[in-house]
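Input: a single structure, listed below in C-alpha cells.
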C-alpha cells in the first residue's frame with residue numbers, strides 16, 4: 001500500500017525543517033533558515049509535502065512567487081496571439097526539493113502536480129500567463145521538461161498556464 005501525503009503551506013511551528021536533507025546544501029539551508037522569513041516578508045510562499053501519518057516530517061517542498069516574462073524573450077510563434085505588453089505576468093517556481101529519505105516515492109512528481117494545480121487556480125484570480133523556473137542542472141531541466149516546460153532562455157524554462165491546465169486535465 002502506498003503512503004498518503006498531504007501538501008500544505010509551511011508552518012514553522014509544526015514542520016521539522018532541521019531534519020530535511022535533499023543532498024543540496026543551498027536547498028536545505030533555504031528551508032531551514034530563509035523560507036519562514038521570505039513567507040513573512042511576502043516574497044515567496046513555501047509549500048511542503050508531509051506523510052499523512054507523520055505530519056511534522058517534510059518529505060519535500062516548493063516555493064512560488066510572482067514574476068514577469070519579457071515579451072522579447074519569447075518566440076514570435078508564442079507571442080502572436082498575446083497582448084503587446086512589454087512584460088507578461090508569470091508565476092515563479094523558485095525552489096523544489098525532495099528529502100533523500102523519500103527517494104522512489106514520487107515526491108517530485110507529487111510536488112509538481114500540486115504546484116501546477118495551485119498555479120493554475122491562482123491564475124484564475126490573479127492573472128499569470130506562465131510558470132517559469134530556473135533549473136539548477138541538466139537533470140532538473142529534463143525533469144521539468146517531462147511536465148511540458150520548454151526553454152525560455154539559456155537558464156530559464158517555462159510552461160504556459162494553458163499548457164499547465166491541459167496537463168492537469170489529462171491526469
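We did not get these values from a lab; they are worked out from the coordinates using the rules stated. Everything numeric here is computed off the predicted structure, so don't read it as measured data. Backbone-built Cβ (ideal geometry, glycine too); neighbour counts: all protein chains shown.
Some observations on this one:
- Ordering 95, 34 by the number of other Cβ atoms within 10 Å of each residue's own Cβ, fewest first, gives 34, 95.
- For the chain, a Gaussian network of Cα nodes joined below 10 Å ranks 115, 161, 39 by mean-square fluctuation, and the top entry is 39.
- Overall form of the stretch 124-171 per C-alpha gyration tensor (a/c, 1.5; a/b vs b/c): oblate
- Per-residue Cβ neighbour rank within 10 angstrom, fewest leading, 62, 144, 85: 85, 144, 62
- Shape summary: the chain maps onto an equivalent ellipsoid whose semi-axes, from the alpha-carbon gyration tensor, are 28, 17, 15 Å in decreasing order.
- Within the listed set 149, 102, 47, the Gaussian network model of the chain (springs between alpha-carbon atoms below 10 Å) gives the highest mean-square fluctuation for 102.
- Pairs of Cα atoms nearer than 8 Å and 6+ residues apart set the relative contact order; for the chain it is 19 percent.
- Cα centroid separation, the stretch 116-171 to the stretch 1-74: 17 Å.
- Of 127, 59, 41, the one that fluctuates the most in a GNM where the chain has Cα springs shorter than 10 Å: 41
- Proxy reagent accessibility, fewest Cβ within 10 Å first, across 46, 22: 22, 46
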